[in-house]
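Participant: I have a structure I would like to understand better, so I am pasting it below and will then ask my questions one at a time.
The values are calculated or read from the model by the stated rules, or taken from the named source; none is laboratory data. Computed from a prediction, not measured in an experiment: that's the story for all the values here. In this analysis, Cβ positions are derived from the backbone assuming ideal geometry, glycine residues included, and neighbour counts consider all displayed protein chains.
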């Protein structure tokens, strides 16, 4: 019985190879499509004339009210799109592999408030709301590998490297580029710097005119 089974399998293999050929092989014969729907489909080829539309053009303008897939990021007077090679989109000096030192966005109250929201939504679960690493994985799953964001090593990282880590992940941390927009990543970094300063700052970091408020 097994002999007949193997013989049938061999004959079927020979038949398939004889009809379809080996994968990657070249032939002058028209290809054999089992499911041609995706390969052979009615479509308009760009930049060609076509009688379907009244003006005879196949390439069309966007439908009125169409929303662009990406919006520019305004850095000063410059509008930067997410696909451009620019410090605000990559965290690196343009044309190099060097990380930029500081946040390219102006640090305002609005940016810090947005950063707090982004941090508490995306980062606090693991790093805790104060950034000390005592989040859910460490408290419940006993995972000691969650970083304390106030460690000297992380405090001394450039803002560009923090942006790269948030975007692409590091070690067990996944990347958040698909989840967090570029502006929000920079906002979270600005808020993290404020957190670090609140933990590691000294009286000398407070403007002299406002130091009296520390004792109240």
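Participant: Under the condition of being surrounded by 10 or more Cβ atoms within 10 Å (Cβ to Cβ), out of contact with any helix residue (DSSP H, G or I) (no Cβ under 6 Å at 6 or more places or on another chain) and in contact (Cβ under 8 Å) with a residue 12 or more places away in the chain, which residue from segment 48-87 is farthest from residue 183 (Cα to Cα)?
Facilitator: If we take residues in segment 48-87 being surrounded by 10 or more Cβ atoms within 10 Å (Cβ to Cβ), out of contact with any helix residue (DSSP H, G or I) (no Cβ under 6 Å at 6 or more places or on another chain) and in contact (Cβ under 8 Å) with a residue 12 or more places away in the chain, then 58 is farthest from residue 183 (Cα to Cα).
Participant: Going through segment 158-202 one residue at a time, which ones are in a loop (DSSP other than H, G, I, E, B), farther than 18 Å from residue 108 by Cβ and either touching a residue at least 24 places away in the same chain (Cβ under 8 Å) or within 15 Å of the chain's Cα centre (by Cα) (or both)?
Facilitator: Of everything in segment 158-202, those that are in a loop (DSSP other than H, G, I, E, B), farther than 18 Å from residue 108 by Cβ and either touching a residue at least 24 places away in the same chain (Cβ under 8 Å) or within 15 Å of the chain's Cα centre (by Cα) (or both) turn out to be 158, 169, 171, 172, 174, 175, 176, 177, 178, 179, 180.
Participant: Considering only residues that are closer than 22 Å to residue 156 by Cβ, part of a helix (DSSP H, G or I) and free of Cβ contacts under 8 Å to residues at least 40 places away in the same chain, which ones fall in segment 91-123?
Facilitator: None; the set is empty.
Participant: Now for a separate question. For segment 203-212, name all the residues that are surrounded by 11 or more Cβ atoms within 10 Å (Cβ to Cβ) and in a loop (DSSP other than H, G, I, E, B).
Facilitator: Selection gives 206 alone.
Participant: Only one of 149, 105 is touching a strand residue (DSSP E or B) at 6+ places or on another chain (Cβ under 8 Å), modelled with pLDDT under 95 and closer than 17 Å to residue 192 by Cα; which?
Facilitator: 105
Participant: Hey, any hits in segment 124-142 for a residue that's in contact with a strand residue (DSSP E or B) (Cβ under 8 Å, 6 or more places away or on another chain), on the phi < 0 side of the Ramachandran plot, free of Cβ contacts under 8 Å to residues at least 60 places away in the same chain and assigned to a helix (DSSP H, G or I)?
Facilitator: Yes: segment 124-142 contains one or more residues that are in contact with a strand residue (DSSP E or B) (Cβ under 8 Å, 6 or more places away or on another chain), on the phi < 0 side of the Ramachandran plot, free of Cβ contacts under 8 Å to residues at least 60 places away in the same chain and assigned to a helix (DSSP H, G or I).
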